[in-house]
Amino acid sequence: MRLSEFVFATCRAGSEKALKKEVSLQSGKLLTPAFMRPQLITWKVQAELPEDFAFTSLHAVVSGWSLGMARNAAEVAQIVTKTNIEVCAVHVFPRLISEDGLTAEAWAPVDALTEDLKQVCPISPEGGYILDVILGEVGEPWFIGCHPKSPTSHPHAGGLPRLTIPAEAPSRAWLKMEQSLSWLGLDRTEVLVGKSALELGSAPGGASWSLLQRGMKVIGVDTGAVDACVQNHPNYDHISLPASQLPLDYLPEKVDLLACDMNLAPDVVLKYLEPLCLRVKPRWLVLTFKMNDGRVEALMPYFISQVQRFAPGPVYAKQLHANRREVTLVSQAAEV
């Protein structure tokens, strides 16, 4: 049973063509492109899909059923009533999102609209769907969709936690790590305090700085120079060696989080990751795989399947807004 004649997906800026190609390869004639705007694509459904349908596409940040267009809160409520879905949350977000996120000023009118919609749309904690209200440019009607609540879906509206890169952050890797932690549900206050992390490709230290600011003890592996704010942190241990020469005996028997953001092809990275995982037995994985050419991009499902062999739990992969030509993989142990 289908909720609509159309499905939708959002993506990071510049990934529209890649998303369209990926869906075409996965779905064949089941889905045909219908509507395309920057960072938003819809497809017409040519056969039955399950009600809990969502794309497995790496490039789809948010995906689900397309429910129509609206210009005010009352029209949104009418769409929800007509569709007869049980909504557990309302996510309002702009269609156009930069790789560095949105400012607090940009979020203010979005938050106001979210509160208005909560007053008119019935919401139940037991509902199975998240209502998506996607705001276009001035004068455009709002795009209305919904996606099933699931472990793969990002908890924040538009897959975008409220983050802006601090001026003192050593690199953009800070934002990638923060978005990944949010996806894993590890951005709650003090949840990582006292925990340990091992990061491959630590320099210049943006991701490590994120983890250190959250109270973690971090071992960073990289031959490159690390920013002074990281290098001089009392909870940071820098191993200035390539991953290929990292002595496993030097490492602790267990770390809580294993991170990797090396500028190497995924097949090379995998050679280092598997023995490390077997050694340190992480509870969480946060990995960045580069997609610098079409060959690597086409092989990404295979690389993900290789991670699944040694990951602590289910592996989810997505191109987050902070990613460029790369994809983020996360995993967490079932007992977490």
So, in the range 86-107, of the ones that are modelled with pLDDT under 90 and among the aliphatic types (A, V, I, L, M), which residue ends up surrounded by the fewest Cβ atoms within 10 Å (Cβ to Cβ)?
Ala104
Matching entry among Asn323, Asn292 (being more than 18 Å from the chain's Cα centre (by Cα) and polar (S, T, N, Q)):
Asn292
So which of Asp187, Asp116, Asp132 is of a type in the set (Asp, Glu), more than 28 Å from Gly313 (Cβ to Cβ) and surrounded by 15 or more Cβ atoms within 10 Å (Cβ to Cβ)?
Asp116
Test Lys29 against the criterion of being at pLDDT below 90 and over 30 Å from Pro125 (Cβ atoms), and give yes or no.
yes
Does Phe310 qualify as being surrounded by 19 or more Cβ atoms within 10 Å (Cβ to Cβ) and either assigned to a strand (DSSP E or B) or outside the structural domain of Ala60 (by TED's automatic domain parsing) (or both)?
no
Residues that are of a type outside the set (Val, Ile, Thr) and touching a residue at least 60 places away in the same chain (Cβ under 8 Å): which strands (runs of 3 or more DSSP E) entirely in the range 122-233 hold 3 or more of them?
142-148, 196-200
Taking the range 24-41 and keeping residues crowded, with 20+ Cβ neighbours inside 10 Å and under 25 Å from Gly101 (Cα atoms) leaves Gln39, Leu40, Ile41
Conditions (1) within 17 Å of Glu199 (Cβ to Cβ); (2) at pLDDT below 95; number of the one not met by Asn292
(1)
If I filter the range 278-285 for residues that are under 18 Å from the mean Cα position of the chain (by Cα) and outside the structural domain of Val23 (by TED's automatic domain parsing), do I get at least one hit?
yes
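Yes/no per residue for (1) closer than 19 Å to Gln26 by Cβ; (2) in contact with a Gly (Cβ under 7 Å, 6 or more places away or on another chain); (3) touching a residue at least 24 places away in the same chain (Cβ under 8 Å):
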| residue | (1), (2), (3) |
| --- | --- |
| Glu253 | no, no, yes |
| Leu276 | no, no, yes |
| Val286 | no, no, yes |
| Asn292 | no, no, yes |
| Gly313 | no, no, no |
| Ala317 | yes, no, yes |
| Arg324 | no, no, yes |
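The values are calculated or read from the model by the stated rules, or taken from the named source; none is laboratory data. Quick caveat: nothing in here was measured; it's all calculated off a predicted structure. Using ideal geometry, Cβ is built from the backbone for each residue, glycine included, and neighbour counts are taken over all protein chains shown.
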